[in-house]
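**Q** Okay, here's the structure, questions in a sec.
The values are calculated or read from the model by the stated rules, or taken from the named source; none is laboratory data. Since the model is a prediction, treat every value here as computed from it, not as a measurement. With ideal geometry, Cβ positions are generated from the backbone for all residues, glycine too; neighbour counts draw on all protein chains shown.
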Amino acid sequence: MSHSENSENKELSKNSNEDIDKKNKNENIDDEDEDDDNDYEILSPDYFKYDYNYKIIVIGDSGVGKTCLTYRASTGEYQDKISPTLSFEFSPFFLRYKDKILKLEIWDTCGQEVYRSLINSFFKNSSLAIIVYSIDNENSFLSLEEWVRQCKGNCSPNTKFFLIGNKADMKDDRVISYEKGKEIMEKNNFEKFMETSAKSGFNVNKLFCEVGKCLYKETLKNSEVNKVSR
Ligand SMILES: Nc1nc2c(ncn2[C@@H]2O[C@H](COP(=O)(O)OP(=O)(O)OP(=O)(O)O)[C@@H](O)[C@H]2O)c(=O)[nH]1
Ligand SMILES: [Mg+2]
């Protein structure tokens, strides 16, 4: 399947999720960066040249859809009935942003309680942590505090955070409102909050493009600081 915004849009209509898409356009997307949208181009995952490489860690309770999101981003496809993750692997995601090629190493982790301490070593050198909950699962939302504590205790102080409410297609089962998610983002000074659906593809490419954009801007900012202090 082609790995482009087009395929994402086709996937959306195939799954009759235009209503979610419309809702998102109205209220779920922060408009501040919209004018940058045309500067993205998603590249094939077997691309091998890049200007910058960033390590991203995806965390959150078991079953919230971390593996499905990672899989959707790297293949453009959805896998239902996926087994709980027991090992750590990364999927590459390439995008062109402005005139640079960015490679994201998306590290999927296991959310099961028993393996949680194993994740600590994966926080090291992560430029950005994506913390995922599921909009139909209150426990996964209540766990966020614990995830944030674990992240902040193990990441570098420069690590950025995105908060993701996944399974946005499950609108009849929603127990966590969009506003509640946004509140947590604001309270913790995270970079971004978005709702996604690995199932329909809704906002998945957008999420990883926003991640790339955020990290590249940080790289530029740091290189300016280095120039000034030299
Ligand atoms: N409706 C819906 N179901 C989803 C979505 N994403 C994942 N699922 C379902 O949730 C199940 C669990 O998803 P996973 O991606 O395995 O969850 P995980 O967070 O990786 O779980 P662990 O590996 O145990 O930490 C999948 O088998 C899918 O059936 C989504 O966006 N919408
Ligand atoms: Mg998993």
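**Q** Can you name the strands (runs of 3 or more DSSP E) wholly within region 49-138 that have at least 2 residues being of a type in the set (Phe, Trp, Tyr) and either in the same structural domain as Val211 (by TED's automatic domain parsing) or touching a residue at least 60 places away in the same chain (Cβ under 8 Å) (or both)?
**A** Per the criteria, 52-59, 89-97.
**Q** Report yes if Ser126 is crowded, with 20+ Cβ neighbours inside 10 Å and either of a type in the set (Gly, Ala, Ser) or more than 17 Å from the chain's Cα centre (by Cα) (or both), otherwise no.
**A** Yes: the conditions hold for Ser126.
**Q** I'm told Glu186 meets every condition in (1) buried (at least 18 other Cβ atoms within 10 Å of the Cβ); (2) at pLDDT 95 or above except one. Can you identify the failing condition by its number?
**A** Among (1) buried (at least 18 other Cβ atoms within 10 Å of the Cβ); (2) at pLDDT 95 or above, Glu186 violates only (1).
**Q** Could I ask something else about it? Look at Lys98 and say whether it is on the phi > 0 side of the Ramachandran plot and more than 16 Å from ligand 1 (Cβ to nearest atom).
**A** Yes: the conditions hold for Lys98.
**Q** Here's another thing I want to ask about it. Scan (1) polar (S, T, N, Q); (2) surrounded by 19 or more Cβ atoms within 10 Å (Cβ to Cβ); (3) over 21 Å from Cys155 (Cβ atoms); (4) modelled with pLDDT of 85 or more for the single condition Asn17 breaks and write down its number.
**A** In the conditions (1) polar (S, T, N, Q); (2) surrounded by 19 or more Cβ atoms within 10 Å (Cβ to Cβ); (3) over 21 Å from Cys155 (Cβ atoms); (4) modelled with pLDDT of 85 or more, Asn17 misses (4) alone.
**Q** Separate question: Considering only residues that are under 14 Å from Phe141 (Cα atoms) and among the basic types (Lys, Arg), which ones fall in region 163-186?
**A** Scanning region 163-186 gives Lys167, Arg174, Lys180, Lys182.
**Q** Something else now. Which of the residues that make up region 38-94 are closer than 27 Å to Cys155 by Cβ, within 13 Å of ligand 2 (Cβ to nearest atom) and of a type in the set (S, T, N, Q)?
**A** Ser62, Thr67, Thr70, Thr85, Ser87, Ser91 - these are the residues of region 38-94 that are closer than 27 Å to Cys155 by Cβ, within 13 Å of ligand 2 (Cβ to nearest atom) and of a type in the set (S, T, N, Q).
**Q** Are there any pairs, at least 6 apart or on different chains, whose C-beta atoms fall under 8 Å, with the first in region 160-188 and hydroxyl-bearing (Ser, Thr, Tyr) and the second surrounded by fewer than 18 Cβ atoms within 10 Å (Cβ to Cβ), and if so, which?
**A** Close Cβ pairs satisfying both conditions: Tyr178/Glu27.
**Q** Kindly indicate the residue of region 143-175 that is more than 18 Å from the chain's Cα centre (by Cα) and among the hydrophobic types (A, V, I, L, M, F, W, C) and also nearest to Glu113 (Cα to Cα) among those meeting that condition.
**A** Val175
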